[in-house]
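> My questions will all concern the structure given below.
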Amino acid sequence: MVKFIADSACDLKDYPGINFESVPLTLSTEDRSFTDDKDLNVHDMLEYFYSHKGRSYTACPSTQAWLEAFEGADEIYVVTITSGLSGTYNSACVAKEQYISDHPETKICVVDSLATGPGEVLLLEKMVELKNEGKTFEEVCGMIEKYKNSLRLHFGLKSLHNLAQNGRVSKIIASAVGIMNIRILGTASKEGTIEPVAKCRGEKKLIETVLSEIKKIGYKGGKVRICHVENEELSKAIIEGLIRDFGKIDIKSILAGGLCSFYAEKGGIIIGCECS
Ligand code: X90
């Protein structure tokens, strides 16, 4: 049996018609904890974190959680959030070694997205597509690594508070964002870490800069996936801008799940696209 698995940073909790499972990360404070699964009310969770005075944390899935997801499948494709910011990829790899030593006939391919959200979605969709075309396990593993090199991830955020608080971005970079309507536009580095690109004042400027940045990196009309944190309007504006410049493209926007919402924060947006 073939199975596709992603951690919950991938924002898809379901994949109709596909044997798919989302393995949740968790979010917590000293008082409460949230599992990033399809029962999570992301809006209420965000409200809770914004009203909470103390610190908040996230944790990657345990090895055990991956092992349970692997159970019963014999050809498994996994995509994870970047190893540059999370232990998720590592825990999936540990689980893979353990599972294969107990089930030597099982094949498991774990892909480090070096991205998050929509970057993971694009990889997952590609693996499904390759499998549907009848590619073998070895072919999919090889082709997906190549495909990964053609992907780029950008994000526009209103606040870097939670990223800085959890040591994922420097406090110096974070401190300039959020005041006086300043948004940060950033990208995923080759190592899968956060790389600031520009500071923009206001949403309109952010939209212009995102669109010009995407063109600058060589976007020519490939597939685009967007995930936003309660900011349908910004997502729409970017979709309209891309369609205006590139015509008919395969573009979709998704509401962010718990993990991406926590880090990208209210109003935030993450854009993954095929370049090459
Ligand atoms: O292991 C854990 O506890 C999870 C840690 C995740 C930390 C970063 C999540 C970032 C989500 C922010 C903008 C996109 C940045 C992507 C750069 C590669 C969203």
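> Could you give me the percent of Cα pairs per 10 Å distance bin for region 129-175, shortest bin first, beginning at zero and ending with the bin that holds the maximum distance?
So the P(r) values, bin by bin, are 21, 27, 18, 23, 11.
> What are the radius of gyration and Dmax of region 151-267, computed over its Cα atoms and given in Å?
13.8, 41
> Within the chain, what's the longest stretch lacking trypsin sites (Lys or Arg not before Pro) that sit in DSSP loops with no more than 14 other Cβ atoms inside 10 Å? Intermediate results must be reported in sequence, preceding the final value.
Details: sites that count: 32, 38, 53, 55, 190, 220, 248.
With trypsin sites (Lys or Arg not before Pro) excluded where exposed in loops, the chain gives 56-189 as its longest stretch.
> Could you tell me the relative contact order of the chain? Use alpha-carbon pairs under 8 Å, at least six residues apart, and round to a whole percent. Walk me through the numbers on the way to the answer.
Values: 550 pairs, mean separation 57.2, N = 276.
About 21 percent, as a whole number.
> While we're looking at this one, here's another question. Volume per residue, Å³, of the convex hull around the alpha-carbon atoms of region 6-47? The partial results should precede the final answer.
Working: hull volume 2.9 nm³, N = 42.
In region 6-47, the Cα hull volume divided by residue count equals 70 Å³.
> While we're here: If contacts are Cα pairs under 8 angstrom and at least 6 residues apart, what is the relative contact order of region 162-270 in percent? Don't jump to the answer; show the numbers that get you there.
Numbers: 130 pairs, mean separation 25.2, N = 109.
RCO, region 162-270: 23 percent.
> Now for a different question. Using only the alpha-carbon atoms of region 57-104, report the extent along each of the three principal axes, biggest first, to the nearest angstrom.
For region 57-104, the Cα extents along the three principal axes come out at 34, 16, 15 Å.
> Just for the Cα atoms in the chain, what are the lengths along the principal axes, largest first, rounded to whole Å?
57, 49, 30
> Return the equivalent ellipsoid semi-axes of region 212-276 as a descending list in whole Å, where each equals the square root of 5 times an eigenvalue of the C-alpha gyration tensor.
22, 12, 10
> Starting from one equal scatterer on each C-alpha and no solvent at all, send me the Debye-based log10 I(q)/I(0) for region 92-206 at q = 0.13, 0.22 Å⁻¹, two decimals.
Computed log10 I(q)/I(0) values: -0.66, -1.17.
> Right, another one. Could you compute how fast region 194-238 diffuses translationally, taking Rh as the Kirkwood radius over C-alpha pairs and applying Stokes-Einstein at 4 °C with viscosity 1.567 mPa s? Give it in µm² per second.
Here the translational diffusion coefficient equals 110 µm²/s.
> Any chance you could list the semi-axes, whole Å, largest first, of the equivalent ellipsoid that the Cα gyration tensor gives for region 20-120, using √(5λ)?
Working from the Cα gyration tensor, I get semi-axes of 29, 13, 12 Å.
> If you take the Cα atoms of region 74-153, find Rg, then find the Kirkwood Rh from the mean of 1/r over all pairs, what is Rg/Rh?
Radius of gyration over Kirkwood radius for region 74-153 works out to 0.97.
> For a quick check of your reading of the filter: which GluC sites (Glu not before Pro) in region 80-132 sit in a DSSP loop and have no more than 12 other Cβ atoms within 10 Å?
Filter output for region 80-132: 105.
Since every read-out is calculated from the coordinates, none of them should be taken as a lab result. Because the structure is predicted, anything quoted here is derived from the model rather than measured. Note that we place each Cβ from the backbone using ideal geometry, even for glycine, and neighbour counts take in every protein chain shown.
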